[in-house]
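Student: One structure is given below, represented as structure tokens, and several questions about it will come after.
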Amino acid sequence: MGSIFARHILQRDKPKIGLLNIGSEEDKGNELAKDTQDLFRNSPLKDQFIGNIEGRDIHKGICEVIVTEGFVGNVVLKVCEGVFEFVMKVVGKEVLSTLKTEVQLGQLALQNILKRYDHNELGGAPLLGVDGICIICHGSSKERAIENALHVAAKYARSKLNDLIVKELAAGKAGEPGA
């Protein structure tokens, strides 16, 4: 489902898939992780599966789809958001305090970064595999995040994402471009 999502929504021809694990070596992880590696290696997605990735790899762009179980994924997501907020505050304070005449340009640059990466601007993440469109937002989401989540939901509805997922999974073409 993640591969289909990445192809149709993110426009990635053959999205690379990584399994979030405690190490990149094949023998790392618990039984679920090892079993999941085996499933990928013996699936139609084997050519897209790059193996295990570590938490530090998430933002390096080495894969478009990261597979993990829900609890770990939720923790990782919230840690990333917290680090982003912390770094933006520290960098913003440090950079803006050193600027003399370009303070407004510095503020604009920081605002552009926020618009690109702030979870409130993204709204939420799709819950794939449900019969319908479900965008998961934080319980602490404010009006802006909910509004943006509705825009995301509308985009997915227009793209007929669920129909594409059902059709491609039924045909066994989850990893095939143009399927």
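Nothing in this text is a laboratory measurement; each read-out follows from the coordinates by a stated rule. In this text, all values refer to a predicted model and were calculated from it rather than measured experimentally. As a convention, Cβ positions derive from the backbone with ideal geometry for all residues, glycine included, and neighbour counts pool all protein chains shown.
Student: Just want the answer: with Cβ charges of +1 for Lys and Arg and -1 for Asp and Glu, which residue in L77, G129, F5 is farthest toward the dipole's positive end in the chain?
Tutor: Selected residue: F5.
Student: Sorted from fewest to most neighbouring beta carbons within 10 Å, what does the list S24, S140, S3 look like?
Tutor: Lowest to highest Cβ neighbour count: S140, S24, S3.
Student: Continuing with the same structure: In the stretch 81-120, which trypsin sites (Lys or Arg not before Pro) are in a loop and have at most 13 other Cβ atoms within 10 Å, using DSSP for the loop call?
Tutor: K100
Student: Also, I was wondering about something else. Going by C-beta contacts inside 10 Å, put V65, V76 in order with the fewest on the left.
Tutor: V76, V65
Student: How far, in nm, would the chain grow between S140 and V83 when pulled straight, counting 0.36 nm per residue and subtracting the alpha carbon separation?
Tutor: 18.8 nm
Student: Size of the dipole of the stretch 2-171 about the Cα centre, Lys and Arg at +1 and Asp and Glu at -1 on the beta carbon, nothing else charged, in debye to 20?
Tutor: It works out to roughly 580 debye.
Student: Taking the Cβ-Cβ separation of L150 and D13 as r and a Förster radius of 30 Å, what is the calculated FRET efficiency to the nearest 0.05?
Tutor: Calculated value: 0.55.
Student: What chymotrypsin sites (Phe, Trp or Tyr not before Pro) does the stretch 1-50 have in DSSP loop regions with at most 13 other beta carbons within 10 Å?
Tutor: Taking the stretch 1-50 and a limit of 13 other Cβ atoms within 10 Å, no loop chymotrypsin sites (Phe, Trp or Tyr not before Pro) are found.
Student: Could you check the simple spin-label distance between R41 and N112, using points 7 Å along Cα→Cβ, in nm with one decimal?
Tutor: Placing both labels 7 Å along Cα→Cβ, they lie 4.5 nm apart.
Student: Right, something else. What's the angle, to the nearest 10 degrees (0 to 90), between helix 161-171's Cα axis and the longest principal axis of the chain?
Tutor: Rounded to the nearest ten degrees, it is 30.
Student: Quick check on the exposure proxy: order D35, D13, D57 from fewest to most C-beta atoms within 10 angstrom.
Tutor: Starting with the residue having the fewest Cβ neighbours, the order is D13, D35, D57.
Student: Tell me the chymotrypsin sites (Phe, Trp or Tyr not before Pro) within the stretch 59-111 that lie in a loop according to DSSP and have at most 15 other beta-carbon atoms within 10 Å.
Tutor: Within the stretch 59-111, no chymotrypsin sites (Phe, Trp or Tyr not before Pro) qualify (loop, at most 15 other Cβ atoms within 10 Å).
Student: Short version: ³J(HN,Hα) in whole Hz for each residue of the stretch 115-126, in order, from phi by Karplus 6.51 cos²θ - 1.76 cosθ + 1.60 (θ = phi - 60°), x for Gly and Pro, what are they?
Tutor: 4, 7, 10, 6, 4, 5, 6, 7, x, x, 10, x
Student: Toward the positive end of the charge dipole of the stretch 22-179, about the Cα centre and with charges on Cβ (Lys, Arg +1; Asp, Glu -1), which of L96, F40, S141 goes farthest?
Tutor: Toward the positive end, the furthest listed residue is L96.
Student: Run the reach check for K46 against lysines, Cα to Cα strictly under 22 Å, same-chain hits fewer than 8 apart removed. What comes back?
Tutor: Partners within reach: K14, K16, K28, K34, K60, K167, K173.
Student: At a temperature of 20 °C and a viscosity of 1.002 mPa s, determine how fast the chain diffuses translationally according to Stokes-Einstein, using the Kirkwood radius over alpha-carbon pairs as Rh; express D in µm²/s, rounded to the nearest whole number.
Tutor: Rounded, D is 117 µm²/s.
Student: Which angle from 0 to 90°, rounded to the nearest 10, does the C-alpha axis of helix 31-41 make with the longest principal axis of the chain?
Tutor: The two axes meet at around 70 degrees.
Student: Angle between the Cα long axis of helix 143-159 and the longest principal axis of the chain, 0 to 90 degrees, nearest 10?
Tutor: That works out to roughly 40 degrees.
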